[in-house]
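What follows draws every value from the coordinates through simple rules; no lab data is involved. Computed from a predicted model, the values in this text were never measured in an experiment. Here the Cβ positions follow ideal geometry from the backbone for every residue, glycine too, while neighbour counts run over all protein chains shown.
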Amino acid sequence: MSPCRRVAIFTLLPLIWIASSAEQSPLLLTPLISRNELLRARNLSLVGSLDGCDNPETYSGYLTVNETTNANLFFWFIPAMNTSPTAPVVLWLQGSPGSSSLFGLFVEHGPYEVTKNLSLQPRASTWAKSFNMLYIDNPVGAGFSYVSPDGHARNFSDVGRDLFIGLQQFFTLFDEYGENDFYVAGESFAGKFVPALAHEILRNNLTAKMNLQGIIIGSSLCDPPTMMSYADFLLNLGLISEIQAKYFKRQERIVLESLKENDYVKAFEVFSELINGNRVNRTKSYFQRKSGFSLKFNALQAKEPEAYNYFKGFLKLNGTRQALHVGNASFNDGLTVRQSLKGEMMKSVKPWIEEALERRLKVLIYSGQFDIIVPYPLSRSFVNSIGWGGAQAFSEARRLIWRNETTGEPVGYVRQFGVLTEVLVRNAGHFVPFDAPRQAYDMMDRFINNKAFGRSSRMIRTSPTRAKQ
């Protein structure tokens, strides 16, 4: 059954608009979970009617991860539409840092997408078709998640710990999914949160209640020391001149020197001025000023698509807030989260990715062909630098053409050996599932279900070090 019917929101929710969600408190499930009142917790967390959507079994609410700092993670769980009892569970984390994972749900791969008039329509290539999708606003203070002013995460370990505590509660509340394969996925800066969480799960494998099988990282600056070479990429695209490329290279050297001196704040400030921009004081980067691009996510798009932001208006509606049990919680823009993690932004998470590979977890690292902020050549440089037992064989692996099975058109290119898979998605930018939704779903299906990308594609499956005894 389609998850939505195309009906105007104002005709479906007149009664919900009467009650103001500001009069209610967020639904905190942790007290119920701790008292083993699991059935009551699940019943309370059932998501209400959303714009006429047929969603009889999606759940949302809050998981308390630190009582002292009043740290609460907001989640939305969407069971697989194929109703398979063994469908894998996929946790999705958004980047920036501080962006809501509901961007992923509404803009990229959830069962619904928001239209310009703030109504919902079904998404054809939703990942929820085959996977149990869990979206968590992370770190605390991002999106609908909230925390006291002094409780924000200061490093990746804080982020991994909070997520791990939240997931333990989630798999207690939904214990029938505890044996299902579990994957942690994220894009952009969340590509650093993903291995941080995997490390925490592996470190606590005796007490974890999750069957971690792999991690999925999209378009992420995982290892700045091996990824600081924007000049040639942008010059070859024609987006900067030779003189501007020289400036890029000078600034890149300053970033690398700062990283060697462990001055991560300076490295981030120089990087931001060069290409990333500053969200706090709203200043444009050197790249944006010289190229005329206000967007840094896709070489084919100079301006941000309006569709990126429709969901924010939808989340402001009283009916939506009431259905999601967020009560009077604010929807945060993530700037405070970003400031709290400023000293971490340019740190590498390569050791945790190497740990995942050595522990036989499957690892997928994917990139969009036209991504500007994390270009494919930079991602390839990082992947080539990963130290693990299969590194030599991976470097010698033949690049495969990944084709549309119906038309035969190349949709991407793949390198694969053992448990490591690297994918380039054609005609996509930073947000691959938004730019290329069919390819993104096909990529996930092939990777998770061990299907070949090409004629010679073969993933060697060995049992990972399970997180559950």
Cα gyration tensor shape of the range 240-292, rounded if a/c is under 1.5, else prolate or oblate by comparing a/b with b/c: oblate
For the range 385-425 and the range 241-310, distance of Cα centres in Å: 29
Nitroxide proxy distance, nm - points 7 Å out along Cα→Cβ at Asn155 and Arg438: 4.7
Sequence ranges 35-46, 189-200, ranked by mean other-Cβ count within 10 angstrom, highest first: 189-200, 35-46
Packing-based ranking, highest mean first, of 337-348, 136-147, 414-425 given that Cβ atoms within 10 Å are counted: 136-147, 414-425, 337-348
Inter-label distance, nm, simple model (7 Å from Cα along the C-beta direction), Thr83/Glu242: 6.6
Local electrostatic count at Val107 - Lys and Arg +1, Asp and Glu -1, tallied over other residues with Cβ under 12 Å: -4
Cβ-Cβ FRET estimate between Glu57 and Asn117, R0 fixed at 22 Å, reported to 0.05: 0.25
For the range 168-215 versus the range 68-108, the gap between their alpha-carbon centres in whole angstrom: 12
Extension gain, Ser229 back to Leu335 (0.36 nm per residue minus Cα-Cα distance, nm): 35.5 nm
Label point 7 Å beyond Cα of Thr68 along Cβ direction - residues of the range 127-153 with amide nitrogen under 13 Å: 150-152
Pairwise label distance in nanometres, Leu38 with Asn318, each label 7 Å out on the Cα-Cβ vector: 3.7
Helical contribution to [θ] at 222 nm, DSSP H n ≥ 4, -39,500 (n - 2.57), averaged over the chain, rounded to 500: -9000 deg cm²/dmol
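Output the peptides 299-307, 156-164, 438-446, 386-394 sorted from most to least packed, where packing is the average of other Cβ atoms within 10 Å over each peptide's residues.
Put in order of decreasing packing, that is 156-164, 438-446, 386-394, 299-307.
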